[in-house]
1. Exactly one condition in (1) more than 9 Å from chain B (Cβ to nearest Cβ); (2) farther than 30 Å from B:I209 by Cα is false for A:G66; which is it?
2. Which one is farthest from A:R285 (Cα to Cα) among residues in the stretch B:104-127 that are out of contact with any helix residue (DSSP H, G or I) (no Cβ under 6 Å at 6 or more places or on another chain), at the interface with chain A (Cβ under 9 Å from one of its Cβ atoms) and assigned to a helix (DSSP H, G or I)?
3. Considering the stretch A:37-91 alone, what residues qualify as being part of a loop (DSSP other than H, G, I, E, B) and touching a residue at least 12 places away in the same chain (Cβ under 8 Å)?
4. Inspect all residues belonging to the stretch A:126-136 and state whether any of them is under 24 Å from B:G266 (Cα atoms), out of contact with any Cys (no Cβ under 9 Å at 6 or more places or on another chain) and not in a helix (DSSP H, G or I).
5. If you check A:Y132, A:Y151, which single one turns out to be touching a residue at least 40 places away in the same chain (Cβ under 8 Å), more than 7 Å from every other protein chain (Cβ to nearest Cβ) and aromatic (F, W, Y)?
6. Output yes when any residue across the stretch B:85-105 is surrounded by fewer than 16 Cβ atoms within 10 Å (Cβ to Cβ) and at pLDDT below 95, and no when none is.
7. Is it the case, given these coordinates, that A:R28 is of a type in the set (D, E, K, R), within 30 Å of B:M184 (Cα to Cα), more than 10 Å from chain B (Cβ to nearest Cβ) and more than 31 Å from the chain's Cα centre (by Cα)?
8. Could you go through the stretch A:165-183 and let me know if any residue there is in contact with a His (Cβ under 7 Å, 6 or more places away or on another chain), in a helix (DSSP H, G or I) and touching a residue at least 12 places away in the same chain (Cβ under 8 Å).
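The values are calculated or read from the model by the stated rules, or taken from the named source; none is laboratory data. Everything numeric in this text was worked out from a predicted model, so none of it was measured. Backbone-built Cβ (ideal geometry, glycine too); neighbour counts: all protein chains shown.
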Amino acid sequence: MTTAAVEVNARSIRRIALSHKLSRWDVRFSPYLYISPFFLVFAVMGLFPLLYTAWVSVHDWNLIGGQGDFVGLENFVTVLTQGYFWNALRNTFSIFLLSSIPQIIVALGIAAVLDFNLRGKTFWRMGVLLPYVVAPVAVALIFNDLFGDKYGLINSAIMGMGLEPVRWHVDVIPSHLAIATMVNFRWTGYNALIFLAAMQAVPRDYYEAAIIDGANRWRTFRSITLPLLRPIVIFVILTSTIGGLQIFDEARMFDQAGQGGASRQWQTLTLYIYELGWGQRNFGRASAVAWLLFLIIILIAVINFLITRRIAGTADRKLRVRPKGIS
Amino acid sequence: MSKTIIGGHDRRPALWVYGVLIAVLLGSAFPIWWSYLIGSQDASALNQNGMMWIPGGNFIANAATVIDSIPFWTALGNSIIVSSAVSLSVVMFSTLAGYAFAKLKFRGREGLLIFVIATMAVPTQLGVVPLFIVMAKLGWTGSLWAVIAPAMVTAFGVFWMTQYLRDALPDELIEAVRMDGASMILSFWHIGLPAARPAAAMLALFTFIGTWTNFFWPFIVLGPGNPTLPVALQQLQAAFYVDYSLVLAGVVLSIIPLILVFIFLGKQLVAGIMQGAVKG
């Protein structure tokens, strides 16, 4: 072998070694590269702002002037002693309960009806989903008109029955009912489809066995469908809690001023955050409220999670059912 | 479906079932129809004659007034740009990450995936104050970037694509391509991406609708001159609170695009929600 040949050989060996090395790096680092966009954007645009909220909340901080002195817990003390926070907290929970509880019950009912062996399945399923594509702001403007205090359709109907008109935009509970109606309009059908999917995953033999034993439709719904649906119901409650406690759009649009009513009858916590931050330009106090709401949501999510695990666990043990495909 | 027909679930339902469904359908459609009913009236006629049950002939005139008084075309264009950009980015990054989580082996995979799933329960919307400070520092307030950037990834998207690719893409396929000497990114491109297509389309659709209807953050960060459609609707309400025929004409204009999407892709939306429910 000549020296030249040896040299060429050595070079090609080095080249192969290099490409091996590159390939190994490729295998090792590519996965991290592929997941990095999510973590980067989430860290910068999601997690950092959320954590930084705590930092802003212990400072004097103006929308225009920027960061001021460290004030400790002063913003929290002010906010918690002013009463507006508690009012907003009450309103938020009231609107949330008025929307989520009837919504889940009605959605279960609609799902049960859609679970019949219907003609034109797709048509009915699409029909219940229609409101989902209407933006909450648009929904709010439509229902604002329907719930008009003087000439609204709903009050006309109420007066037609010989009753006193309801002051939807003045009284506390009626305003909450109106806002909850907007939320329910948009989400009931969506949740009904989630429940329907879970209902269709229930093995049909269960029903047949029950029917042979003489159970009627209502009985099978209560004793078979509902228990098996419990995990998915809790999942829906969890997601609607996280969203529902941050309700803004419908309450913001319920009147022109957007402060949640002349005496804050329907001011929610996010509306209050907006008022403090961009109305009063007090970023410190807005952050204090945001941080408090964050803690409330996390607390509820954790409680929910614990309950879910427990109930999902027992349901699994009782029946050992896995969802199959959907028809 | 089982073969025995004893009664119960396989039998065609009684008439009352359709009665209930028709009532539900009316509840879904009525408010939308109502917005056109009022939006097509003349405000003064509305005040004089009270309730009217037939659409009037004034919709075009009302729509023209709306388009003149709010930056409607800007808002429509912005909504299209923002929703498309966000959908594209969410789908791209979610598919990449989902492919890695579902099909590639790497240290910390399980832990990182659990982290992603846990972030779905984190209300990041509550970071608005610092997010606004960041955007102001970057000089992005009032620009569409401020709306697009924070929405470029979603934990749900990553979770959704991971779930889908886990079942839809056989490991042997990837191994075969890798044996042929394809690099990681090429095997993603030729095997992962095509397999992900159905779930990616679904994710794009839901992300598009979610972004299109979003109000809170765009309302805070975009100025009145450069709104998205929901923000423009808020301006319309501020301008014409008393004239509901104009406000609702604006509502009709703003909901037409997604109603069209619904007419063409409503079936897919239904399927997507039902699949998500079984998997989630």
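1. So the condition that A:G66 fails would be (1).
2. So, considering only residues that are out of contact with any helix residue (DSSP H, G or I) (no Cβ under 6 Å at 6 or more places or on another chain), at the interface with chain A (Cβ under 9 Å from one of its Cβ atoms) and assigned to a helix (DSSP H, G or I), the one farthest from A:R285 (Cα to Cα) is B:R109.
3. Within the stretch A:37-91, the subset part of a loop (DSSP other than H, G, I, E, B) is A:58, A:63-65, A:71-73, A:83.
Matches in the stretch A:37-91: A:V58, A:L63, A:I64, A:V71, A:G72, A:L73.
4. If we filter the stretch A:126-136 for residues that are under 24 Å from B:G266 (Cα atoms), which is where we start, we get A:126-136.
From the residues that got through so far, the ones that are out of contact with any Cys (no Cβ under 9 Å at 6 or more places or on another chain) too are A:126-136.
With not in a helix (DSSP H, G or I) added as a condition, the list becomes A:134-135.
Scanning the stretch A:126-136 turns up at least one residue that is under 24 Å from B:G266 (Cα atoms), out of contact with any Cys (no Cβ under 9 Å at 6 or more places or on another chain) and not in a helix (DSSP H, G or I).
5. Numbers: A:Y151 fails: touching a residue at least 40 places away in the same chain (Cβ under 8 Å).
Of the residues listed, the single one that is touching a residue at least 40 places away in the same chain (Cβ under 8 Å), more than 7 Å from every other protein chain (Cβ to nearest Cβ) and aromatic (F, W, Y) is A:Y132.
6. The first filter runs over the stretch B:85-105 and keeps only residues surrounded by fewer than 16 Cβ atoms within 10 Å (Cβ to Cβ), leaving B:88, B:105.
So of that shortlist, the ones also at pLDDT below 95 come out as B:105.
Yes, that holds for at least one residue.
7. Values: of a type in the set (D, E, K, R): yes; within 30 Å of B:M184 (Cα to Cα): yes; more than 10 Å from chain B (Cβ to nearest Cβ): no; more than 31 Å from the chain's Cα centre (by Cα): yes.
Answer is no for this residue.
8. First, the residues of the stretch A:165-183 that are in contact with a His (Cβ under 7 Å, 6 or more places away or on another chain): A:175.
In the following step, the residues that additionally are in a helix (DSSP H, G or I) were identified as A:175.
Of the ones still in play, those that are also touching a residue at least 12 places away in the same chain (Cβ under 8 Å) are A:175.
For the stretch A:165-183, residues in contact with a His (Cβ under 7 Å, 6 or more places away or on another chain), in a helix (DSSP H, G or I) and touching a residue at least 12 places away in the same chain (Cβ under 8 Å): present.
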